[in-house]
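Comments concern the structure below.
Every number here is computed from the coordinates shown, using simple stated rules; none is lab data. Just so we're clear, the structure is a prediction, and the values are computed from it rather than from any experiment. Every residue, glycine as well, gets a Cβ built from its backbone with ideal geometry; the counts of neighbours run over all protein chains shown.
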Amino acid sequence: MVNIGKSVVIKGELSGSEDLTIEGHVEGRIDLKGNVLTIGPNGKIKAEVFAKSVVVLGEVTGNVTASEKVDIRDNGSVDGDIASPRVAIAEGAHFRGSVDMQRAGQQKNQQQQQQKAAATPPQGQQPNQPQQNQPQPQGQRVGA
Amino acid sequence: MAETTRSLTDLFGILGSRRDSDAAPAADASVANVAEAAYPTKALHKFIASLQGADNPLLLDLGPVVGSNVTFFGEQLGCRLRVEDIAKDIDRHVKDGTLDQLPEFFAKRFTQAPGTVDGILCWDVLDYLERPAAQALGTALSRLLRPDGCLLGFFSTADHREAIYTKYVVVDGNALRYRTYPASRPRQRSLLNGDIIKLFKDLRVTDSFLMKSKLREMLFRKPAPRT
């Protein structure tokens, strides 16, 4: 479990493979696809967020995508769209945006269809050739 | 028209007595607060059933954000849910003294493309609007619905003068809790059945229930174009 303290400001892309708690400020993109991200009561995020599970006690501005669950606790705030099969919003939490709670089965089907479509090369193109617009994995960039 | 007439025969499908909430006794005030009474609903489960065949339907909720409702509709429908709190819009216009601008505001209020929304939870927001604003909102919502899309509306038949809104908290497909909170204005004149139908003239009434809570629950559906 990693903790980003109150006084830390990160601008850029944050990715990793450990559970993370943020009490500071992050702007940019957070990518913890296999792990739990907790935005603490002092945390302020202006970012696109991708994680397995997201718990919000602080403020998030930006879209949140979780493969398992998004949990906005009392006094937590999300201003952006949420995509997750499970979403819990506590009484007293703030939320503005849309929620996409596609069922897990539907998501899998869609992913499979997307993978099939990606595997079928357009005429004159080799399979597995990287697409220009596909995001490439990037490391953590701290500070700016 | 014949279908509308037939559906109105259900209008006085009055339900049984108010349902008490969970039997667990309230040990203290905070617990008692949570254990509010639940009221039956006849239209909600029909609304849900009408959307269950759709793949990842888009649902528009015109009430305030209620976390448990988000969870409920997500689990029931696997839907995309957009909350557009109309009560906040009304409050803002009351505060700014611009209620006369509400019809124009509602005509441009929604960003969704016409014919893309599968279901609309209108709740009772139309009760708080004067006729021109209610008509503008009704027309805007009718335009948003896709063919075969469904709208759930509540209309009070009681004469309320208290300035309160009601949050409808879903207990299950057959029951709602009514949770009130302060409003900037009371409900306007109760709408008659014919007035309500005129607000959604592009939609067809499929079900209408007058509940013992003095709430008229109505389900509307947008007719599919004839092939």
Would you please classify the overall shape of the stretch A:2-105 from the alpha carbon gyration tensor, given that a ≥ b ≥ c denote the square roots of the eigenvalues, rounded means a/c under 1.5, and beyond that prolate means a/b larger than b/c while oblate covers the rest?
-> oblate
Would you grab the residues whose amide H sits under 5 Å from the one on residue B:165? Only those 5+ places off in sequence or on another chain, please, with H modelled 1.01 Å from N.
-> B:181, B:183
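I need the calculated FRET efficiency for the pair residue B:162 and residue B:100, taking r as the beta carbon distance and R₀ as 25 Å, to the nearest 0.05. Display every interim value, and only then the final one.
Values: r = 24 Å, r/R0 = 0.95.
Plugging the Cβ-Cβ distance into 1/(1 + (r/R0)^6) gives 0.55.
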What is the calculated FRET efficiency for residue A:75 to residue B:68, with r their C-beta to C-beta distance and R₀ = 22 Å, to the nearest 0.05?
-> 0.80
Pairs of Lys in the stretch A:2-105 closer than 17 Å at Cα, counting only those 8 or more apart or on different chains | 7
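Given the pairs B:42/B:198; B:46/B:222; B:42/B:201; B:167/B:198, which are separated by over 19 angstrom at their Cα positions?
Values: B:42/B:198 23 Å; B:46/B:222 15 Å; B:42/B:201 23 Å; B:167/B:198 25 Å.
Checking Cα-Cα distances, B:42/B:198; B:42/B:201; B:167/B:198 exceed 19 Å.
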Looking at the stretch A:1-86, which trypsin sites (Lys or Arg not before Pro) are DSSP coil and have at most 16 other C-beta atoms within 10 Å of their C-beta?
-> A:6
Ranked B:187, B:131, criterion: other C-beta atoms within 10 Å, fewest first | B:131, B:187
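So if we plug the beta-carbon distance of residue A:94 and residue B:172 into 1/(1 + (r/R0)^6) with R0 = 35 Å, what FRET efficiency do we get, rounded to 0.05? Spell out each step's value before the answer.
Values: r = 26 Å, r/R0 = 0.75.
E between residue A:94 and residue B:172, to the nearest 0.05, is 0.85.
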At what distance in nm do the modelled label points of residue B:112 and residue A:2 sit from each other, each positioned 7 Å from its Cα along Cα→Cβ?
-> 3.9 nm
